[in-house]
Amino acid sequence: MKRDDDSGALEAPVPLVDLQAAHAEVDSEVREGFDRVLSTGAFVLGPEVTAFEQEYAAFSGTQHCIGVSSGTDALELALRAGGIGPGDEVIVPVNTFIATAAAVSRAGATPVFVDCDPEHLLIDPTCIEAKLTARTRAVLPVHLYGQVAPMDAISEIASDRELLVFEDNAQSQGARQGGQISGTFGLAAATSFYPGKNLGAYGDAGAIVTNDDAIASTLRAARNYGSEIKYEHPIVGFNCRLDSLQAVVLRAKLTRLAQWNELRRAAAARYDELLGELDSIRAVSCRPGNDHVYHLFVVRVLDGEERRAEVLSKLHANGIGAGLHYPAPLHLTGAYADPQLPRGSFPVAEAAADCILSLPLFPQISVQQQERVARELRMALLK
Ligand SMILES: Cc1ncc(COP(=O)(O)O)c(C=O)c1O
């Protein structure tokens, strides 16, 4: 804790995400729900999972929601259900969390990376054409940081080339583009309910939404040993079901998600005001036509990588939970290192990774906490 010079009071740290603050709002509902599950013993699938799936499908404006054990599993299962497998190539943005590409690899296919747009850091559709081959089967855009990727251009390329579109919607539950909600642009969309997400569980959880009946049915079987009816296994499946206890948490939080997303937007607008005067800080902007849900509030530190590192460590030293999303584009990670893709292959994503910084943002963040973040950032920028 840091001593506030003016008041002499101790200033509490500001975390990147405050999971306790979110829990405090749903505490009694979660405990009641846990009691419901404990009293019935329905720990796997069962009524809580079914109810959550119906409620999340309604929120998403889709026919189906299939709850699974993580966002990564959701992506892998969606790709497999769409027929993606060995020999296929899937277009993936190079600046995303590694799970996007890992899910493609786990499905047996090959992720093919493309660079991002310098303004919004979303996948740049103009880079896709050059990466298409006879093996390209699908595009997997990521709705990064809380806003929808440029779906008009992606859908056009996909329909011209007869490619499938899957969405990675781990970070943008409830976001919209041109009024259309994320997760409804492609054949299927995967989302993550990792605790820090806009809709977060108390452990790992995820889901797929789709309007395709056949895909939904395949997914229901695939998550449950290839079975929709006990001991009938028409396909080889997995054990990656959504836990009933996680469904309880998600049901309680889902009723607040729209309001929490509003609060995130308001907090982002407040940062825009507070940081407006800092010449060497520039927020990653919202793409026109997008309703952003600010899973993350990402800024650029314009004075270079060393300066960013210095600012980050000063923020940490002063109790501000800033983060990096992400420190390296995927071709510069060990898992996807490739001599054909040396540094310089994706200049926009590489430059972004060297200067981005995520500031604390969560629905319950107070004006005082945001003012403190802005103040510490201003101090950290002083040479
Ligand atoms: C963009 C993106 N895709 C996929 C995932 C994977 O989700 P999970 O951690 O639930 O497996 C995450 C989050 O962790 C993510 O941020």
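Summary of computed values
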quantity: Reachable lysines, given that their alpha-carbon falls under 16 Å from the alpha-carbon of Lys197 and they are not under 8 places away in the same chain; calculated: Lys253
quantity: Computed magnitude of the charge dipole of the chain (debye, nearest 20; Cβ of K, R +1, Cβ of D, E -1); calculated: 440 debye
quantity: Antiparallel bridges, percent of DSSP beta bridges restricted to the chain (to nearest 5); calculated: 65 percent
quantity: Residues Ile235 and Val44, FRET efficiency given R0 of 30 Å [Cβ-Cβ distance, rounded to 0.05]; calculated: 0.95
quantity: Spacing of the two label points (7 Å from each Cα toward its C-beta) at Glu371 and Asp303, in nm; calculated: 2.5 nm
quantity: Packing-based ranking, highest mean first, of 334-345, 137-148 given that Cβ atoms within 10 Å are counted; calculated: 137-148, 334-345
quantity: Span from the region 185-226 Cα centroid across to the region 324-342 one, whole angstrom; calculated: 27 Å
quantity: Per DSSP, loop GluC sites (Glu not before Pro) in region 84-136 with at most 14 further Cβ within 10 Å; calculated: Glu119
quantity: Surface/4 of the Cα convex hull for region 313-383, nm²; calculated: 6.5 nm²
quantity: Extension gain, Gln54 back to Ala134 (0.36 nm per residue minus Cα-Cα distance, nm); calculated: 24.9 nm
quantity: Over the chain: helical MRE at 222 nm, DSSP H runs n ≥ 4 each giving -39500 (n - 2.57), nearest 500; calculated: -12500 deg cm²/dmol
quantity: Region 15-54: chymotrypsin sites (Phe, Trp or Tyr not before Pro) falling in loop per DSSP and having at most 15 other Cβ within 10 Å; calculated: Phe43
quantity: Straight-distance crosslink candidates among lysines, where the alpha carbon sits under 19 Å from Lys383 and sequence neighbours closer than 8 are dropped; calculated: Lys314
quantity: Residues with amide H under 5 Å from that of Gly206, placed H, sequence gap 5 or more; calculated: Val68, Ser69, Ser70, Phe193
quantity: Alpha carbon convex hull of the chain, projected area averaged over orientations, nm²; calculated: 19.8 nm²
quantity: Amide hydrogen neighbours beyond the local backbone of Thr136, cut-off 5 Å, H modeled; calculated: Glu89
quantity: DSSP beta bridge pairing in region 1-123, given as percent antiparallel to the nearest 5; calculated: 40 percent
quantity: Lys383-Glu310 pseudo-label distance in nm [points 7 Å out on the Cα-to-Cβ vector]; calculated: 0.8 nm
quantity: Label-reachable residues, region 19-52, where backbone N falls under 19 Å from a point 7 Å from Tyr225's Cα toward its Cβ; calculated: 42-47
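Just so you know, all these numbers are worked out from the coordinates, no wet-lab data involved. Owing to the predicted nature of the structure, the values given are computational and were not obtained by experimental measurement. Positions of Cβ are backbone-derived with ideal geometry, glycine not excepted, and every protein chain shown enters the neighbour counts.
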